[in-house]
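All remarks here apply to the structure that follows.
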């Protein structure tokens with residue numbers, strides 16, 4: 001079983017990131033007032049299907065919640081993740 005992924009917030013780059021098997025996984029965002037626009041999620045090709053993108057998105061959403069932000073998923077992966085995890089839907093921008 002793989003070790004848990006360590007996701008870090010890199011505010012200078014406007015993204016959450018994690019070192020994954022010699023590559024870098026990211027969940028990128030733009031902040032528009034109190035709305036976090038989630039623009040792109042990517043993991044190295046060899047690590048797809050291992051839950052790494054989900055861990056990046058969950059860390060990003062957890063941070064948004066802790067900051068009192070709403071989110072607008074512009075990334076199709078984030079939108080799909082939120083549909084699969086209805087406990088995150090209250091974060092959606094109304």
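The values are calculated or read from the model by the stated rules, or taken from the named source; none is laboratory data. Owing to the predicted nature of the structure, the values given are computational and were not obtained by experimental measurement. Virtual Cβ from ideal backbone geometry, glycine too; neighbours counted across all protein chains shown.
Structure summary
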read-out: Test result for residue 41, closer than 13 Å to residue 25 by Cα and in contact with a helix residue (DSSP H, G or I) (Cβ under 6 Å, 6 or more places away or on another chain); value: yes
read-out: Total residues in segment 59-79, condition under 12 Å from the mean Cα position of the chain (by Cα) and without any contact (Cβ under 8 Å) to a residue 12 or more places away in the chain; value: 3
read-out: Wholly within segment 5-61, strands (runs of 3 or more DSSP E) carrying at least 3 residues that are surrounded by 14 or more Cβ atoms within 10 Å (Cβ to Cβ) and at pLDDT 95 or above; value: 15-20, 23-32, 35-42
read-out: Sole exception among (1) in contact with a helix residue (DSSP H, G or I) (Cβ under 9 Å, 6 or more places away or on another chain); (2) over 15 Å from residue 16 (Cα atoms) for residue 79, by number; value: (1)
